[in-house]
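The values are calculated or read from the model by the stated rules, or taken from the named source; none is laboratory data. No experiment lies behind these values; they were computed from the predicted model shown. Here Cβ is always computed from backbone atoms with ideal geometry, including for glycine, and neighbour counts include all displayed protein chains. Side chains are part of the model used for accessible areas, which takes the heavy atoms of the whole protein and leaves out ligands, DNA and RNA. Shrake-Rupley method; radii C 1.70, N 1.55, O 1.52, S 1.80 Å.
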Amino acid sequence: EAAVTQSPRNKVAVTGGKVTLSCNQTNNHNNMYWYRQDTGHGLRLIHYSYGAGSTEKGDIPDGYKASRPSQENFSLILELATPSQTSVYFCASGDAGNYAEQFFGPGTRLTVL
Amino acid sequence: QEKVQQSPESLIVPEGAMVSLNCSFSDSASQSIWWYQQHPGKGPKALISIFSNGNKKEGRLTVYLNRASLHVSLHIKDSQPSDSAVYLCAVSMANTNKVVFGTGTRLQVLP
């Protein structure tokens, strides 16, 4: 079965600090995604990637950067964390195409104080 | 921007009941609709998908898609306490690899 792992699982950061969330997938999927999930908003797309070296802006990219150094790894970077970025972050992977299922990781709970 | 709305927000049913969840979307050119199940503290997991008008049945799950009315529904037959979770409707946007998720329906099945 598809496997997507995330680290860390929980993170407490201070306002203005740098935070890096990591994601690894062993499915050899081309596409990877970063979402945040907040009550009342559901899952919202932050950044996504079509393959190693590519990153694309999603629907709410402000304050976030992404990096895809390899097929397996996709990172989300908060250069200057703010309390409004407190959320649960999910990484997902999937095959290319409009009909593809996405496979999600277990999530990272980030608290910015 | 595709908009996906789900109803009801929450639902409590007794074990064995038929459950009906609704999802409406705004773009008739949307390619596919997926339903995901999310248990507390876990990532979403895909349950069933539909691409063409009509219905699709897999086990206790049946999904109906009506593109003319921009509506899709998920029906769970003989619901079990283990079905208690949040159900997310996800609609793929045409000509992209992006998916828009609804805010979910929280289902509780009482033993």
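With respect to B:GLN37, is the statement that it is in a strand (DSSP E or B) and open to solvent by 50 Å² or more (accessible area, probe 1.4 Å) true?
Values: in a strand (DSSP E or B): yes; open to solvent by 50 Å² or more (accessible area, probe 1.4 Å): no.
Judged against the criteria, B:GLN37 is not a match.
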(request) State which residue is farthest from A:SER7 (Cα to Cα) when the search covers only the range A:49-102 and only residues that are touching a Phe, Trp or Tyr at 6+ places or on another chain (Cβ under 8 Å) and among the small types (Gly, Ala, Ser). (result) A:ALA96
(request) May I ask you to list pairs of residues, at least six apart or on different chains, whose Cβ atoms are under 6 Å apart, with the first in the range B:43-58 being closer than 30 Å to A:SER87 by Cβ and of a type in the set (Val, Ile, Thr) and the second being part of a strand (DSSP E or B) and open to solvent by 80 Å² or more (accessible area, probe 1.4 Å)? (result) B:ILE48/B:GLU58
(request) Kindly state which strands (runs of 3 or more DSSP E) lie completely within chain A and contain at least 3 residues that are open to solvent by less than 40 Å² (accessible area, probe 1.4 Å), within 11 Å of another protein chain (Cβ to nearest Cβ) and not aliphatic (A, V, I, L, M). (result) A:31-38, A:42-49, A:87-94
(message) Can you tell me which residue is farthest from B:VAL109 (Cα to Cα) among those in the range B:18-34 that are buried (at least 18 other Cβ atoms within 10 Å of the Cβ) and within 11 Å of another protein chain (Cβ to nearest Cβ)?
(response) B:SER30
